[in-house]
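Notes to accompany the following structure.
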Amino acid sequence: MIISVASGKGGTGKTTIATSLALSWGEVQFLDCDVEEPNAHIFLKPHINERISVGIPVPELDESKCNFCGKCAEVCEFNAIVVIKKKVLFFPELCHGCGGCSYICPEKAIKEVDRAIGVVERGRSGKIDFIHGILNVGEPMAPPLIRQVKRHINSGTNAIIDASPGTSCPVVEAVNRSDFCLLVTEPTPFGLNDLKLAVEMLRKLTIPCGVVINCADIGDEEVEKYCKDEDIPILMTIPWNRRIAEAYSRGVPLIDALPEFQDSFSQLYGTIERLAKR
Amino acid sequence: MKQLTIISGKGGTGKTTITAAFATLSDSHVVADCDVDAADLHLILNPSIEKSEEFYGGKTAVIDSDKCQQCDECIRVCRFDAIKDYVVNPISCEGCGVCVLACPEGAVGMVRHMSGQWFISHTRSGYMTHARLGIAEENSGKLVTLVRQQAKLIAEREKKEYIIIDGPPGIGCPVIAAIAGVDLLLAVTEPTLSGIHDLERVVGVASHFSIPVMVCINKYDINPDNTSKIEGYCSKNNLKVVGKILYDPRVTKAMVDKKSVIEYPCGEVSKEVTRVWEKVEQRLKHRENQ
């Protein structure tokens with residue numbers, strides 16, 4: 001079973017929930033797919049024993065073969081190639097690595113070379129098989145790296161995916177094909193607005209979901225009302241608690257700082273198993 | 001006219017709260033919500049939409065099943081595993097069009113689809129440009145650029161001094177689109193190990209593009225040791241810490257009441273955010289004189 005943890009709004013407690021769920025679950029794979037700002041390692045403190053560079057294929061030109069016909073620039077949907085008279089300009093950060101330019105080139109003047117966009121690290125944290133991706137600073141495209149992180153999922157084992165905030169391509173890439181998505185929100189207008197967007201996204205992807213309301217007593221009742229109206233199960237509520245905030249600030253997982261939550265997380269796993277896709 | 005983007009790296013540190021407060025405090029600006037896939041600023045500023053336009057971002061491949069001979073050529077060339085059983089999955093399709101090139105039957109075409117909307121609005125704190133990216137859509141970077149262009153046009157027309165941009169979390173393409181070419185960044189962080197880690201990465205992106213950064217520490221009293229660490233990091237990297245904001249539950253009350261922390265009395269928080277704006281404005285003005 002693959003469980004993803006997402007939220008729409010940032011800072012609602014995705015990583016808090018994902019790491020505590022993993023710790024209470026035991027034998028599990030943990031994949032931090034927030035490759036722009038990965039934080040789960042701060043809490044799980046894995047011992048990293050594998051480091052793999054991830055690249056995307058970008059064009060490299062053999063000028064001796066190029067006759068500047070401009071077909072490569074014409075087919076590139078991402079404006080990553082410009083041909084001006086006797087010059088070919090590449091903008092590698094715009095390249096999606098689709099291979100269209102080398103496919104079309106009649107002179108076979110373009111070959112593809114790997115351009116590093118980040119790394120995948122794998123290690124262990126107790127019983128947890130830990131994997132995360134780290135996007136290089138200045139690099140715009142997270143999805144190809146997220147795909148590589150997810151390649152490490154062993155079929156048949158249980159996996160938890162920590163996604164980034166938002167609802168666009170990096171989040172879709174992270175949660176896609178999971179059996180269940182846990183949406184972590186807070187009971188505020190911002191939390192509710194972004195929760196609705198996340199729910200719409202999951203419906204489009206046909207992934208069942210449930211909600212965790214964090215800092216459950218800080219705002220209003222609207223999130224709860226929305227979940228009832230939409231028939232979305234609220235699987236856990238966590239009140240605002242200075243001890244939780246402080247533990248988080250020091251990188252201490254919730255269930256280590258407040259062991260009384262151990263039971264709720266074990267139950268949460270059981271409930272998810274019941275609600276998940278298969 | 002000067003442009004300021006509020007960023008954070010980590011989500012939920014208070015970008016939108018600060019942006020809304022700045023919109024209340026400044027008297028000559030256009031505000032742009034560039035967190036287009038989880039926009040929240042409208043919940044405080046309550047915009048009345050003056051103009052709404054459709055956004056056509058990318059293209060998606062479509063296979064004509066009448067012409068398709070099931071030769072598998074499209075499946076072979078697609079790098080994104082977007083074609084199964086001769087049907088394109090629009091969520092996986094990147095719109096590169098290589099399948100169109102590869103199909104010997106001319107059975108694959110590309111269609112442009114509406115991937116969002118953008119708006120020009122009026123608020124009690126002046127003009128606002130914002131957008132809504134369609135669900136599970138791509139090209140958020142392009143939409144961010146569009147929202148910024150519209151803000152710029154209005155600022156020029158109305159002779160406004162500042163464009164105040166609410167940025168997205170992270171460090172990827174929408175963030176790069178939201179900070180490219182601006183005059184100053186205000187990074188809002190929190191005294192947590194995650195906050196510090198993410199601040200360092202987003203400051204890295206800023207220096208990659210040579211944009212000056214000021215830092216503001218939100219909820220600084222949650223962990224005073226980490227606050228000192230952030231201050232140490234900032235002084236080592238020549239970043240000015242322009243404010244330290246207390247944790248105060250009234251900030252959430254303000255949000256529930258659809259008011260900025262200037263409009264809703266939040267005690268020390270309101271005062272400190274005002275001081276932050278004064279320092280930011282001074283820096284923006286100072287750049288003008290250079």
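The values are calculated or read from the model by the stated rules, or taken from the named source; none is laboratory data. Because the structure is predicted, anything quoted here is derived from the model rather than measured. Cβ placement follows ideal geometry from the backbone for every residue including glycine, while neighbour counts extend to all protein chains displayed. The accessibility values were calculated without ligands, DNA or RNA, using every heavy atom of the protein model including side chains. Shrake-Rupley method; radii C 1.70, N 1.55, O 1.52, S 1.80 Å.
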Query - Considering only chain B, percent of DSSP beta bridges that pair antiparallel, nearest 5 - result: 45
Requested in this report: Report the residues of the stretch A:123-154 in range of a label on A:HIS47: point 7 Å along Cα→C-beta, backbone N strictly under 16 Å from it.
Outcome: A:123-131
**Report entry** Sequence ranges B:34-40, B:193-199, B:231-237, B:110-116, ranked by mean other-Cβ count within 10 angstrom, highest first
**Finding:** B:34-40, B:193-199, B:110-116, B:231-237
Report task. Compute the long axis of helix A:189-204 from its Cα atoms, compare it with the longest principal axis of the Cα atoms of chain A, and write down the angle in degrees, 0 to 90, nearest 10. Result -> 60
Report summary line: Sequence order, the stretch B:87-96: Karplus ³J(HN,Hα) from phi using 6.51 cos²θ - 1.76 cosθ + 1.60, θ = phi - 60°, Hz rounded, Gly and Pro as x, gives 10, 8, 8, x, 6, 7, 5, 8, x, 6
Requested in this report: Take peptide A:5-13, look around each residue's Cβ out to 10 angstrom, count Cβ atoms belonging to other protein chains, and average those counts.
Outcome: 5
Report summary line: Which residues qualify? For A:CYS181, with a placed amide H closer than 5 Å and at least 5 residues away or on another chain, they are A:SER4, A:CYS209, A:GLY210
Report summary line: With N residues in the stretch B:108-257, Rg(alpha-carbon) / (2.2 N^0.38 Å) equals 1.22
Query - Residue pairs, from the table A:LYS14/B:LYS84; A:LYS9/B:LYS253; A:LYS85/B:LYS59, whose Cα atoms sit over 22 Å apart - result: A:LYS14/B:LYS84; A:LYS85/B:LYS59
Query - All aspartates and glutamates inside 13 Å of A:LYS196 as judged from Cα atoms, apart from same-chain residues fewer than 8 positions distant - result: A:GLU186, A:GLU222, A:GLU224, A:ASP229, A:GLU230, A:ASP231, B:ASP37, B:ASP40
Report task. For each cysteine in chain B, check whether another cysteine's C-beta sits under 4.7 Å from its C-beta; list those where none does. Result -> B:CYS34, B:CYS68, B:CYS71, B:CYS78, B:CYS93, B:CYS103, B:CYS173, B:CYS216, B:CYS234, B:CYS266
**Report entry** Whole-number Å³ per residue for the convex hull built on Cα positions in chain B
**Finding:** 151
Report summary line: Of the listed pairs B:LYS240/B:LYS285; B:LYS10/B:LYS271; B:LYS2/B:LYS159, those with alpha carbons more than 18 Å apart are B:LYS10/B:LYS271
Requested in this report: With N denoting the number of residues in the stretch B:129-194, provide Rg(C-alpha) divided by 2.2 N^0.38 Å, to two decimal places.
Outcome: 1.25
Query raised in the report: If you take all C-alpha pairs in the stretch B:178-263, what percent of them are over 18 Å apart?
Result: 47
Query raised in the report: Say R0 is 60 Å: what FRET efficiency, to the nearest 0.05, do A:THR271 and A:LYS86 get from their beta-carbon distance?
Result: 0.40
Report summary line: So, relative contact order of chain A in percent, Cα under 8 Å, 6 or more apart, is 28
Report summary line: Partner lysines whose C-alpha sits under 26 Å from that of A:LYS87, ignoring same-chain residues fewer than 8 away, are A:LYS65, A:LYS71, A:LYS108, A:LYS111
Report summary line: With Cα springs under 10 Å, the Gaussian network model of chain B assigns the largest mean-square fluctuation among B:HIS42, B:HIS122, B:HIS208 to B:HIS208
Query raised in the report: Kirkwood Rh, Cα Rg: Rg to Rh for the stretch B:79-127?
Result: 1.30
Report summary line: Whole-percent carbon and sulfur contribution to the accessible surface of the protein assembly as shown (1.4 Å, no ligands, DNA or RNA) stands at 48
Query raised in the report: Between Rg and the Kirkwood Rh of the stretch B:83-161, both from Cα atoms, what is the Rg to Rh ratio?
Result: 1.19
Report task. Select from A:TYR226, A:TYR103, A:TYR248 the residue whose mean-square fluctuation is largest in a Gaussian network model of chain A (Cα-Cα springs shorter than 10 Å). Result -> A:TYR103
Query - Top of A:LEU135, A:LEU268, A:LEU145 by mean-square fluctuation, Gaussian network on chain A, Cα under 10 Å - result: A:LEU268
**Report entry** Rounded tilt (10° steps) of B:140-157 against the dominant C-alpha axis of chain B
**Finding:** 50
Query raised in the report: Straight-line reach from B:LYS236: which aspartates and glutamates have Cα under 16 Å away, leaving out those fewer than 8 places along the same chain?
Result: B:GLU200
Query raised in the report: For the stretch A:81-186, what number results from the quotient of the Cα radius of gyration and 2.2 N^0.38 Å?
Result: 1.40
Query - Those residues of the stretch B:232-266 for which accessible area with every protein chain present is at least 40 Å² below the isolated value (1.4 Å probe) - result: B:TYR247, B:THR252, B:MET255, B:VAL256
Requested in this report: For helix B:193-208, report the angle its Cα long axis makes with the longest principal axis of the Cα atoms of chain B; keep it between 0 and 90° and round to the nearest 10°.
Outcome: 70
Requested in this report: Report relative contact order for the stretch A:99-245 in percent, whole number only (criteria: Cα-Cα under 8 Å, sequence separation at least 6).
Outcome: 15
Query raised in the report: Accessible area per residue of chain A at 1.4 Å probe, in Å²?
Result: 41
Query raised in the report: Rounded to a whole number of µm²/s, how large is the Stokes-Einstein D of the stretch A:201-275 at 20 °C and 1.002 mPa s, given Rh as the Kirkwood radius over C-alpha pairs?
Result: 153
Requested in this report: Calculate one ³J(HN,Hα) per residue across the stretch A:259-264 by plugging θ = phi - 60° into the Karplus curve 6.51 cos²θ - 1.76 cosθ + 1.60, and present them in order as whole Hz with x for glycine and proline.
Outcome: x, 5, 7, 3, 4, 4
Report summary line: The set of residues whose placed amide H lies less than 5 Å from the amide H of A:PHE30, leaving out same-chain residues fewer than 5 positions away, is A:ASP129, A:PHE130, A:ILE131, A:ILE160
Query raised in the report: Taking the mean number of other Cβ atoms within 10 Å as a proxy for protection, how do you rank A:62-69, B:134-141, A:2-9 from highest to lowest?
Result: A:2-9, B:134-141, A:62-69
Query - Scattering curve values for the stretch A:37-131, log₁₀ I(q)/I(0), Debye with Cα scatterers, q = 0.10, 0.15, 0.23 Å⁻¹ - result: -0.42, -0.64, -1.08
Requested in this report: Could I get the Rg over Rh figure for the protein assembly as shown? Both from C-alpha atoms, Rh via Kirkwood, rounded to two places.
Outcome: 0.97
Requested in this report: Considering Cα pairs under 8 angstrom that are at least six residues apart, work out the relative contact order of chain B and quote it in whole percent.
Outcome: 26
Requested in this report: Kindly provide log₁₀ I(q)/I(0) values, in the same order as q = 0.07, 0.15, 0.17 Å⁻¹, from the Debye equation applied to equal alpha-carbon scatterers of chain A.
Outcome: -0.31, -1.04, -1.25
**Report entry** Within chain B, helix-based [θ] at 222 nm, where runs of 4 or more DSSP H residues each add -39,500 (n - 2.57), nearest 500
**Finding:** -11000 deg cm²/dmol
**Report entry** Long-range HN-HN contacts of B:VAL88 with modeled amide H, under 5 Å
**Finding:** B:ILE63
Query raised in the report: Residue by residue, what Karplus-based ³J(HN,Hα) values in Hz, rounded to whole numbers, does the stretch A:72-88 have, using 6.51, -1.76 and 1.60 with θ = phi - 60° and x for Gly and Pro?
Result: 4, 5, 4, 7, 6, 6, 10, 6, 8, 10, 10, 10, 10, 6, 9, 9, 10
Report task. Quickly work out the A:ASN154-to-B:ASP225 label distance, labels modelled 7 Å from Cα along the C-beta direction, and quote it in nm with one decimal. Result -> 3.6
